[in-house]
Amino acid sequence: MIEVRGLTKRYPGRTVSRNAVDGIDLDIPEGKLVTLLGPSGCGKTTTLRLIAGLERPDAGRIRIGDRLMCAPAEGVFVGVHQRPIGVVFQSYAVWPHMTAVQNVMFPLQSGQKRLPKAQARKRAMEALDLVGLAEFADRPAPALSGGQQQRVSLARALTREPEVLLLDEPLSNLDAGLRDRVRDEIRAVQLRLGITTVFVTHDQDEALAVSDEVIVMDSGRIVERGQAQDIYRCPKEEFTARFMGISNSLPGTVRTGAGEVAPADPADPGSPADPAATTDIADIDLAHGTLRCVTTGPTAAGDRVNVFIRPESLLLSRKDPSGRGWKGTVEFSIYHGDCWDYHVRVGDTLLRSRMYREKVGLTHGDPVFVVPEQDTAIAIPAAASEDA
Ligand code: ATP
């Protein structure tokens with residue numbers, strides 16, 4: 001539905017060497033919700049604004065459906081009002097002097113296709129109903145909560161029945177509880193309408209929760225793309241691993257090259273092998289011992305890798321009956337409500353372990369064994385991660 005090729009945008013006067021958007025290619029399938037995920041300044045908002053027609057690219061092509069929207073080399077540029085899109089911004093952008101329904105009706109009564117008032121109101125009421133706000137239709141916009149105002153702006157974006165919905169950090173201005181509710185509503189509406197959607201966020205949890213596919217960006221480029229579960233469980237690039245919160249990273253060397261077929265569920269070594277799985281398992285020698293890891297590509301004995309271990313895959317124990325534990329010392333712990341994070345020094349390395357049990361009673365200075373789970377850590381070839 002959306003096809004982007006070689007998209008490039010440079011802002012005048014920028015001192016950094018890279019373009020804000022640096023020659024990216026994207027294919028967004030019809031009816032899917034795809035997230036652009038990355039840290040602040042990586043170019044995700046600019047990419048969305050280019051798709052919307054709110055910015056002009058320096059190079060590249062954007063196609064929506066079978067229509068070319070822009071191609072600077074051919075002098076093609078379709079303006080934002082002519083594109084078959086609806087946009088929702090972080091800042092809601094609802095008009096304070098109007099009621100909810102007047103906000104949603106406004107685009108239907110302006111521009112080229114002006115609908116009569118009664119028809120515009122009917123369409124606007126349908127859109128408000130879709131986002132669960134029909135009963136608030138006649139309330140002045142400032143008397144709505146932040147979450148309700150954001151749903152008004154979603155209804156307004158949907159009311160012209162766009163082919164594509166573009167959402168720029170739509171949850172950022174909402175408080176934590178409301179954010180989850182509005183997020184779930186956006187996903188429910190998107191699935192109900194089957195509308196092709198691009199969702200921009202810097203929040204990995206948000207991206208995992210709503211997306212059919214996640215595209216990870218850094219410095220104006222695409223680092224990696226994949227289904228949410230794959231991006232979370234088995235990132236192929238070091239940048240993605242770190243960005244997805246896999247905070248423990250240890251250099252290692254492959255002892256035996258990958259060859260076994262990975263279990264269908266890497267988190268459950270007992271699950272049946274999936275012959276189609278491309279991930280493999282290899283024994284990796286680390287400074288503290290050997291660990292069986294999921295590898296992201298072919299490996300051979302002696303290859304250098306960086307091993308990424310999730311905090312929840314490092315278990316802590318006062319004793320070490322398995323003999324696989326790494327001797328360490330607790331430095332400090334942080335309470336998160338549903339879990340504890342322990343920072344444990346093992347040799348020169350500070351590791352983070354997340355325990356979901358009630359506090360295991362460890363405190364600063366306590367000796368402890370860190371027992372890494374087998375088959376869940378990810379080994380990324382050192383060369384690949386250095387290139388990223
Ligand atoms: P955030 O999550 O903070 O919104 P982002 O990933 O959406 O970040 P962009 O807003 O696309 O990033 O910005 C990409 C780069 O382009 C940044 O370095 C930013 O400073 C720069 N930039 C964005 N808009 C402009 C502008 N109007 N003029 C100059 N530079 C800009």
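Worth pointing out:
- Selection status of G31, modelled with pLDDT under 95 and under 19 Å from Q190 (Cβ atoms): no
Yes/no per residue for (1) free of Cβ contacts under 8 Å to residues at least 24 places away in the same chain; (2) closer than 18 Å to Y92 by Cα; (3) surrounded by fewer than 16 Cβ atoms within 10 Å (Cβ to Cβ):
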| site | (1), (2), (3) |
| --- | --- |
| L130 | no, yes, no |
| R139 | no, yes, yes |
| G146 | no, yes, yes |
| Q149 | no, yes, no |
| L165 | no, yes, no |
| P170 | no, yes, no |
| S211 | no, no, no |
| M217 | no, no, no |
| Q229 | yes, no, yes |
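- Considering (1) more than 30 Å from L174 (Cα to Cα); (2) within 15 Å of the ligand (Cβ to nearest atom); (3) in a helix (DSSP H, G or I), the lone condition that A73 does not fulfil carries the number (2).
- Residues located in the stretch 134-168, provided they are touching a helix residue (DSSP H, G or I) at 6+ places or on another chain (Cβ under 8 Å) and assigned to a loop (DSSP other than H, G, I, E, B): A137, D138, R139, L144, S145, T159, R160
- Qualifying residue in the stretch 358-380 (condition: free of Cβ contacts under 8 Å to residues at least 12 places away in the same chain, assigned to a loop (DSSP other than H, G, I, E, B), surrounded by fewer than 18 Cβ atoms within 10 Å (Cβ to Cβ) and in contact with a strand residue (DSSP E or B) (Cβ under 9 Å, 6 or more places away or on another chain)): yes
- Test: P57 is within 16 Å of the ligand (Cβ to nearest atom), modelled with pLDDT of 95 or more and assigned to a loop (DSSP other than H, G, I, E, B): yes
- Exactly one residue out of R183, R179, R192, R187 is farther than 29 Å from V344 by Cβ, within 16 Å of the ligand (Cβ to nearest atom) and either at pLDDT 95 or above or in the same structural domain as D25 (by TED's automatic domain parsing) (or both): that is R179.
- Among the residues here, R83 does not qualify as surrounded by fewer than 20 Cβ atoms within 10 Å (Cβ to Cβ) and either touching a residue at least 60 places away in the same chain (Cβ under 8 Å) or of a type outside the set (F, W, Y) (or both).
- Exclusive hit being within 12 Å of the ligand (Cβ to nearest atom), closer than 29 Å to Q149 by Cα, among the hydroxyl-bearing types (S, T, Y) and surrounded by 15 or more Cβ atoms within 10 Å (Cβ to Cβ), set T47, T35: T47
The values are calculated or read from the model by the stated rules, or taken from the named source; none is laboratory data. No experiment lies behind these values; they were computed from the predicted model shown. Quick reminder, even Gly has a Cβ in these numbers, built from the backbone with ideal geometry, and neighbours come from all protein chains shown.
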